[in-house]
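Note sheet for the following structure.
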There are 2 protein chains.
Amino acid sequence: MSLQSFFGPKSVAIVGASRQKGKVGYEILTNLVAGGYPGKIFPINPKADEIEGLKCYPDLASIGETPELVIIIVPAQLVAGVLEECAKVRVKSAIIITAGFKEVGPEGKKLEEEIVRIARRAGIRFIGPNCLGVIAPGHKLNASFGGDLPVPGSIGYISQSGALLAAILDLANANGIGFSSLVSIGNKADIDELDVINAFGEQPETKVIAGYLESITDGDVFVREAEEISNRKPILLMKSGSTAAGAKAASSHTGSLAGGEVAYESAFKRAGVIRCDSIKQQFDFAQAFASQPLPQGPTVAVITNAGGPGIMAADAIEEQGLTFAKLSEETRKKLAAKLPAAANVHNPVDVLGDALADRYEFALDIVLDDPNVQSVVVLLTPQAMTQAKETAEAVVKIVGQKKSGKPVLACFLGAAKVDEGVQILRRGGIPQYDSPESAVTTLKAMVDFVRWRTRPKRVVRLFPVNRRKVESIVERHLRRGLLDIGEAEAKEIIEAYGFATPKGSIATTAEQAGNIAQQLGFPVVLKIWSPDILHKSDVGGVKVGLRSEQEVRDAFDLMMYRIPKKRPDAHILGVLVQEMVRSGKEVIIGMHRDPHFGPLMMFGMGGIMVEVLKDVSFYLAPLTAEEAKQMLLNTKTYHILKGVRGQEGVDIEAIAEGLQRVAQLVTEFPEIKEMDINPFVVGAPGTTPIAVDARISLEKK
Amino acid sequence: MSLQSFFGPKSVAIVGASRQKGKVGYEILTNLVAGGYPGKIFPINPKADEIEGLKCYPDLASIGETPELVIIIVPAQLVAGVLEECAKVRVKSAIIITAGFKEVGPEGKKLEEEIVRIARRAGIRFIGPNCLGVIAPGHKLNASFGGDLPVPGSIGYISQSGALLAAILDLANANGIGFSSLVSIGNKADIDELDVINAFGEQPETKVIAGYLESITDGDVFVREAEEISNRKPILLMKSGSTAAGAKAASSHTGSLAGGEVAYESAFKRAGVIRCDSIKQQFDFAQAFASQPLPQGPTVAVITNAGGPGIMAADAIEEQGLTFAKLSEETRKKLAAKLPAAANVHNPVDVLGDALADRYEFALDIVLDDPNVQSVVVLLTPQAMTQAKETAEAVVKIVGQKKSGKPVLACFLGAAKVDEGVQILRRGGIPQYDSPESAVTTLKAMVDFVRWRTRPKRVVRLFPVNRRKVESIVERHLRRGLLDIGEAEAKEIIEAYGFATPKGSIATTAEQAGNIAQQLGFPVVLKIWSPDILHKSDVGGVKVGLRSEQEVRDAFDLMMYRIPKKRPDAHILGVLVQEMVRSGKEVIIGMHRDPHFGPLMMFGMGGIMVEVLKDVSFYLAPLTAEEAKQMLLNTKTYHILKGVRGQEGVDIEAIAEGLQRVAQLVTEFPEIKEMDINPFVVGAPGTTPIAVDARISLEKK
C-alpha cells in the first residue's frame, strides 16, 4: 500500500474548516494554503460561504466531485457521520485529526471502534484519530497543524506523539533539515506505524525512515517487514517506555529475565532497526544516513586545526569500538610535503591553528585517497585565522569531486563564528555535528548498520524431530486444562526434539530403588515423584551423590517418611532414581513468549553468572546457527565456556544446537508459553550434552 | 594566591602590540579596548607612535609607571628579554601569548626553561606561554584573542586547549551563558591548572569552576586541594586522552589493571570533581550548578504538556538511577481540583496539550510544595495553543517567589516556537535543556555531588604496626639494588602490618619435610624455595593437597630431582612446607603506584571475576573504613562475598581492614612501587583471613 493519496493528493476536502483563527480547522486550512498546495482545496462548513477566499461547501456531496483526501476536524461524536458521508461519495483516504477517542476512556474506545467499522466496510483507509496530520514538502502538502512546511528532503518521519512531532518540525526548520514526509499516526486505529514505514519504503523520495514510537501494534509482522525494508533503507527509531520493563529484565528470576524491553531490543536487532536515544541523536544519525555513503569498515581518520578536539575524537573512536585509522606511508609523505613542519601527519591530522581553508582542502583530498581510511571526521575550531566559510566550501567541493564512497562528517565547534560555514556544509550535504563525540557515535551507527546488512543469509536449520509425540502431550494437557507440564513429560518433549536426558526410572520401594541404582551405576540422584510437588528441594525431595545401594535405600525411606508429613496433600507416585551427570558446565536454555514479538530465546550460565551478574542474552526464535552462536558470544559466560587460562573448553556448537532445537520446538508449538532447560550440562567437544531438568508451561491459543 | 592582577589589573601593557589587522598583537589590543576595559592600556611597540588612538611606548621602562599586568606577544626568542625588562620595572604578573616553546620540541623546551628561570628569580608569575589569554567579564577585561567578551556570570573556566576555549566562548556568547573568568593556561610553564582552580575557589564572583584538561601537573596536591575547594564550589572537568590508558586498564594482567585513566577517575572521585563527557554536557551541568540550589535527594517530578516527552523523562530518571517521585495524596488532590479531568495528576503531571501558561504556573506551584519532590523538570512542546513565552515567565516567577530550595530545570523542545521562552528562562536563571535526557543527566550529577558533599568525614585509621621491621627489609633490598622482594620477606612485611600468613617451615631433606608436615597437620602444600625461581608453578615447584608423610616425602624428592634439570642455574634453598588454607573465598588486594596520583589500591576476586569479567575496583590510598567498604561495594564480587542464595557470606569487614592495612603500608613506604596479596583467603565472619601469597616490588626514591 503506497498511501500516495495521503502524500500527494490531487484534491483535499477539509471537513470542519473554520474561519476562526486559533481553531484547528482554521490552522490546517491556512497551513495548506500557506504551504502552496497546488491541488484543489474544498473547505466544508455549512455555516460559511468562503474561508480565506476559498469557496466553502455545506457537505462533501455538494462538491460535485470526489476529493482524493479528506481531513476531518469535527467533534468526536460527528466523525462517524462524516465517514458515512465519505463512503457515499466514494472517498478512499481520510485523516482524522479529532481527539476524544480511545485515549479518553471506554466511551471514546466505542466511538473509535465504530469509525473503524464504517471505514472497513467502505474501504476507506484513515490516519488518526487524535493526530496532528500529514506533511509532504515535495508535494507542498501541509495537511497538519504541526507547524510550517519544512524544506523537501529525504527523511520520512513517523510519530506516535503529535506534540513531539511539532517540536521536531520546529527544530528541523530552524536547522534547515529537510523531510520527504512527516506523519502523525495518533491512535493508529486503522493505518499504523508499519503501514507508514512500508509506504516510506516504497517512496522514491524517502531515503531514510525515522520515527518515534511508544508501542508496536503487530510485533511479529513488524519484524518481518522492517527487516525487508532495512535492506533497502535504514530505519531509525526512538522507542520510549523502556524502563518499567527494563527493571523486570534485571529481576533475578530466570523466567522473567526477558521483559518487554528485551523483546524490543531483540526485534530491532533482528530487523536491522537503528535505535536512537534522543531527538538530537536521531537527527545526527538521519542526516548522515540521508546524505553520506555507508562506510566500508570501522577505520576513521580525523582532520583538525586543534589538538584538544582531535584527542576528544580519538577517545570517542576508541570508546565506541571503531578503529583509529593508521595512515599509509604514502599519505603521510604527501601530507608532509605540503603541510608546515609542525603539523601532525599522523592521524589525527593536525593542520594547525593558523590553517586557512587550503590546508583542509589539501589534507582531506589526500586522506580520502588512503585505502586505510574508511571514513573521515573534519574538525574545526574558530581560531584567529580560521576560515570557517571557505573551509566548508572546500570540504563540500572535495567531497563532491572525489565521490570517494567514504562518509565525511564535519564538526565545526562554536556558534556565530562558524555559522556561515555550517550553513554551507548543510546545503552541500555534509552533516555537521556539535561535538566530536556525536560525529563518532553517528559513524558507529553506520558501521553497525553495514555489519547488519552484510550479515549471512538467514537459514534456519530444521532438525528431524518427533513432532507427533509433542502434539499428543500438549493436546492432552490443554484438553485437561493442565498448563504446567511435569518433569517426566517435559523431558519426553525435549527428547522428541533431540535432547539427551539422564537415564533413570521410578521406584516405588526402597529395594527397587537400590536395584535401579545398581543398574545405572553410582553415583545416583533421588527425586521425589509427585504431580503436586513442583519445588522438590523445598520439601527435601532431592538427594544427590548417593554412592551405594544402602545409601539409596536409606534416602528412599527417609523421603517416604518425611515428605508426606510436610505435604499431606501431595499424591506421591514414587521416587525417580537417576544417573548423576557429573562433568561439564551448567548452562540454561530458556524461552519466554513475548506478547508482541513471540518466542524470545534466552541463554545464560547457571549460578552467579545469571543470579549476580545478570549475564544473559536474548534473541527471537527461530534461530539460525549464526544467531545461536551470537547469543553465546553476547555473554561474558562465553569466555568461561571457551576455556579460561588453559582450562579445556566445552562444546560450544552443542549449546548453539540446543538453542536452535528449542527455538524450533517453540516455533512449531505456539502453545508453549515459557520453558527452560536448566541445567543443560555440556562437556568437552564431542561429548553428548545432557538436559538434566526441563520445565514447560502452556497457554491456550 | 588570588591571581587578582590577572583578572582585574589597574593597568595593562601589551608588549608586541600591533597596528596590523589580523595580527595577534592587534587583536588583543582591540579586544581589550572593545571590551571596555576601564584601566590604563600601554601598547608597547618601538615602531609605532600610537595604535587605535592609544599612545605607544618603545619599551616598558619608558611608560614611567609599573603596569600591573603585562601581555607578551613578541616572537619566542624575544620573550626572555621582555621578561628581563619586566623584572627591571618590577612587573609581577604576565601573560605570555607567544607560541614556539615546549610544544615545538627540544629547542623550545630550552627557551621555556629559561623564561621560567627568569620569572622565578624576579618573582614574576605568568600564564602561558602558547595560550589565548585571560578574560574577566566582570572587570571588562578581554586580554585574549579568543573572541568577544561574554556577559558576566558565575562560571570560572580554565582550558588547556586555546582552540577549544575559542569554540566555547563562541558557543557561550550565542547562548548568553556568562562567565566570571576564562583562562587559557597554554603550556602552564608557571601558573598551572591548580593555581587557577585555587584562584577561582577564592573569587567571590565564581560559583562554579569548569575546565578542559589534558593532563594534571601535580596529581597528589591536586587531589588534596581540589577536594577542599569542592566542599565550597563544584568543579566540572572534561579530561581527554582517556582511552590509550583505558585499554591498559582492561588488560588481563592484574598488575596493570590500574592504568592512568583509572587513577584519574579515582582522583576525581576522591576530590569530588564532576567529570563531563563533552562541551555540551559541561554547559548543561554548569548552568544548573550556577543557578539552582542543590537537590536534597534523588526524587524528581516532571510537569509536561505531552505524554511522549514525559515518558522519555521517566525512562531517563530510571536509567540514571534517580527516583521517579511519588506525589503525595494532598498534591494530587490539589492538582485534580483545578486541572482538567483528562490531566494526569500523578507524576509525570500532564497539564495537556492545550495548556496555557496558567496551568504550568499552578502545577509547578503545587508540585514544589510536595515533600516527596526534591527536584522538578518542566517539559514543554510547542503545540497549537502553547504559550512558550508566558510559560517561561510563569516558571521564573514561581521559582523566584517560592525559593523552595529545590532545583527546577526546564526543557522546552523545539526552536523558533520556543526561542522567546528559552531566552526568558535563561535570563531568569532557569537552566534550559534540549532534551529530557540532558535535564535528567544534569540532576543526576547534582545528586551525586550532594552525596559526595555529605560523605562522612575522612578518618583514616592508623593500625599499630611494626614499621621498623619493614624499614629494615626495604632498606636492605634497596641497598643491594634488589627491587623484587621474595615471598618469604614479602610475607614478613605484611605480617608486620598485621596480616596472618600460612604456617610453615623450610625443609632441606624429605624426612624433615615429612616431620614438619606432621606437626602442621594435613593436608599441606609444598613450594620450592629459591630466590631465582619467581614462577614456581611453571617448573613444577608447587604441590598442593598432600595428605600423608609419605606423599610429602615423595613430592619433596620429585622436586629435588626434576627442578634442577629444568633450571640448572637456580640456587635451591629447600622446600617450604606450609599448612593448606582450605575454606573461604580468594580475593586479591593490590596496589600500583600511579606516577601522578600515588598509591592506587585495587580490589578484586580471583578467577573469572578478574580474568574474564574485569570486576575490580580502585581507590587512592590511604583509605578510610568507608572507602575500603565502598571499594568492595563497587564490585559485583561483593554480592558473591556477601553470600548468594542462602550461601553463607564471608567476613567483609576483614577484607576492608586488609585493604586499609595495605593502604597504610604503601602510604608509609613510598618505596613500594607495586604489591599484591593474592590470594587473600577470607572465611566466615569472625575467622582470621590468611594472606597466602604476597608479591612486593620496590623503586628507588
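The values are calculated or read from the model by the stated rules, or taken from the named source; none is laboratory data. As the structure is a computational prediction, the values presented were derived from the model and not from experiment. In this analysis, Cβ positions are derived from the backbone assuming ideal geometry, glycine residues included, and neighbour counts consider all displayed protein chains. With ligands, DNA and RNA removed, areas are computed over all heavy atoms of the protein, side chains included. Shrake-Rupley method; radii C 1.70, N 1.55, O 1.52, S 1.80 Å.
Scanning region A:339-372 for residues that are open to solvent by 70 Å² or more (accessible area, probe 1.4 Å) and modelled with pLDDT of 95 or more yields A:D358, A:D369, A:P371.
Taking each residue of region B:271-283 that is facing chain A (nearest Cβ under 7 Å) and looking for partners that are among the aliphatic types (A, V, I, L, M) and surrounded by fewer than 23 Cβ atoms within 10 Å (Cβ to Cβ) with beta-carbon atoms closer than 6 Å, six or more apart or interchain, yields nothing. One residue alone among B:P67, B:P46 is open to solvent by 70 Å² or more (accessible area, probe 1.4 Å) and either in contact with a Phe, Trp or Tyr (Cβ under 8 Å, 6 or more places away or on another chain) or over 22 Å from B:D195 (Cβ atoms) (or both), and that residue is B:P46. Among the residues making up region A:636-651, a single one is within 22 Å of A:P622 (Cβ to Cβ) and within 14 Å of chain B (Cβ to nearest Cβ): A:Y638. Of all the listed residues (B:K527, B:K457, B:K491), the sole one being open to solvent by 50 Å² or more (accessible area, probe 1.4 Å) and either at negative phi or modelled with pLDDT under 95 (or both) is B:K457.
Checking the stated criteria, B:G146 turns out not to satisfy the condition of being over 16 Å from B:P75 (Cα atoms), more than 14 Å from chain A (Cβ to nearest Cβ) and among the small types (G, A, S). With respect to A:L171, determine if the residue is in contact (Cβ under 8 Å) with a residue 60 or more places away in the chain, open to solvent by 10 Å² or more (accessible area, probe 1.4 Å) and aliphatic (A, V, I, L, M). It is true that A:L171 is in contact (Cβ under 8 Å) with a residue 60 or more places away in the chain, open to solvent by 10 Å² or more (accessible area, probe 1.4 Å) and aliphatic (A, V, I, L, M).
How many residues does region A:472-481 contain that are in contact (Cβ under 8 Å) with a residue 12 or more places away in the chain and open to solvent by 20 Å² or more (accessible area, probe 1.4 Å)? Adding up the residues that qualify gives 1.
Confirm whether A:A654 is modelled with pLDDT of 90 or more, buried (at least 22 other Cβ atoms within 10 Å of the Cβ), in a helix (DSSP H, G or I) and away from every other protein chain (no Cβ under 14 Å). The answer is no for A:A654. Based on what the data block shows, is B:K338 in contact with a helix residue (DSSP H, G or I) (Cβ under 8 Å, 6 or more places away or on another chain), among the basic types (K, R) and touching a residue at least 24 places away in the same chain (Cβ under 8 Å)? Here the answer is yes, as B:K338 does meet what is asked.
For first residues located in region B:436-453 and within 11 Å of chain A (Cβ to nearest Cβ), partners that are among the charged types (D, E, K, R) and open to solvent by less than 10 Å² (accessible area, probe 1.4 Å) and lie 6+ apart or on another chain with Cβ distances below 7 Å do not occur. Looking at B:V666, B:V692, just one residue is open to solvent by 20 Å² or more (accessible area, probe 1.4 Å) and of a type in the set (A, V, I, L, M, F, W, C), and that residue is B:V692. Could you look through region A:416-434, keep only residues that are open to solvent by 10 Å² or more (accessible area, probe 1.4 Å) and under 23 Å from A:A314 (Cα atoms), and pick out the one that is nearest to the other protein chains (Cβ to nearest Cβ)? Checking each candidate, the answer is A:D434. Counting just the residues of region B:380-409 that are among the small types (G, A, S) and in contact with a Pro (Cβ under 7 Å, 6 or more places away or on another chain), which one comes out nearest to the other protein chains (Cβ to nearest Cβ)? My answer is B:A388.
Yes/no matrix, rows are residues, columns are (1) assigned by TED's automatic domain parsing to the domain that holds A:F324; (2) more than 22 Å from B:S278 (Cα to Cα); (3) among the basic types (K, R):
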position: A:K406; (1), (2), (3): yes, yes, yes
position: A:G414; (1), (2), (3): yes, no, no
position: A:I424; (1), (2), (3): yes, yes, no
position: A:S435; (1), (2), (3): yes, no, no
position: A:A445; (1), (2), (3): yes, no, no
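Out of B:A325, B:A336, B:A313, I need the residue that is within 11 Å of chain A (Cβ to nearest Cβ) and either over 15 Å from B:F449 (Cβ atoms) or at pLDDT 95 or above (or both). Which one? Criteria check complete, one pass: B:A313. Among residues of region B:505-515 being touching a residue at least 60 places away in the same chain (Cβ under 8 Å) and surrounded by fewer than 21 Cβ atoms within 10 Å (Cβ to Cβ), the one that is nearest to B:V465 (Cα to Cα) is B:S505.
For region A:213-228, the set of residues classified as touching a Leu at 6+ places or on another chain (Cβ under 9 Å) and within 14 Å of chain B (Cβ to nearest Cβ) consists of A:L213 only.
Of all residues in region B:312-335, those that are over 32 Å from the mean Cα position of the chain (by Cα), touching a residue at least 24 places away in the same chain (Cβ under 8 Å) and open to solvent by 20 Å² or more (accessible area, probe 1.4 Å) total 4. Taking region A:1-41 as the region of interest, how many residues are of a type in the set (D, E, K, R), over 38 Å from the mean Cα position of the chain (by Cα) and surrounded by fewer than 16 Cβ atoms within 10 Å (Cβ to Cβ)? Summing the residues that are of a type in the set (D, E, K, R), over 38 Å from the mean Cα position of the chain (by Cα) and surrounded by fewer than 16 Cβ atoms within 10 Å (Cβ to Cβ) in region A:1-41 gives 2. Residues in region B:297-307 that are in contact (Cβ under 8 Å) with a residue 60 or more places away in the chain and at the interface with chain A (Cβ under 10 Å from one of its Cβ atoms) were compared, and the one that is surrounded by the most Cβ atoms within 10 Å (Cβ to Cβ) is B:T304. Tell me, yes or no, whether region A:205-212 has at least one residue that is within 14 Å of chain B (Cβ to nearest Cβ) and either within 18 Å of the chain's Cα centre (by Cα) or modelled with pLDDT of 95 or more (or both). The answer is yes; a qualifying residue exists. The listed residues are B:M631, B:M601, and the only one of them that is modelled with pLDDT of 90 or more, under 19 Å from B:D693 (Cβ atoms) and more than 14 Å from chain A (Cβ to nearest Cβ) turns out to be B:M601. If you check A:M609, A:M602 for being in a strand (DSSP E or B) and buried (at least 21 other Cβ atoms within 10 Å of the Cβ), only one passes: A:M602.
Selection of first residues in region A:21-44 that are within 14 Å of chain B (Cβ to nearest Cβ) and of second residues that are of a type in the set (F, W, Y), restricted to Cβ pairs under 7 Å at least 6 apart or on distinct chains, gives the following pairs, ordered by first then second residue: A:V24/A:F145; A:E27/A:F145; A:I28/A:F145; A:N31/A:F145. Condition (residue is part of a helix (DSSP H, G or I) and at pLDDT 95 or above) applied to region B:140-156: is it met by at least one residue? Among the residues of region B:140-156, not one is part of a helix (DSSP H, G or I) and at pLDDT 95 or above, which makes the answer no.
One line per residue, one yes/no per condition, for (1) touching a helix residue (DSSP H, G or I) at 6+ places or on another chain (Cβ under 6 Å); (2) of a type in the set (V, I, T); (3) within 19 Å of A:N305 (Cβ to Cβ):
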position	(1), (2), (3)
A:G414	yes, no, yes
A:D419	no, no, yes
A:F463	yes, no, no
A:D484	no, no, no
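I want to confirm something. Restricting to region B:229-241 and keeping residues that are open to solvent by less than 10 Å² (accessible area, probe 1.4 Å) and within 14 Å of another protein chain (Cβ to nearest Cβ), which single residue is modelled with the lowest pLDDT? Among them, the one singled out is B:S240.
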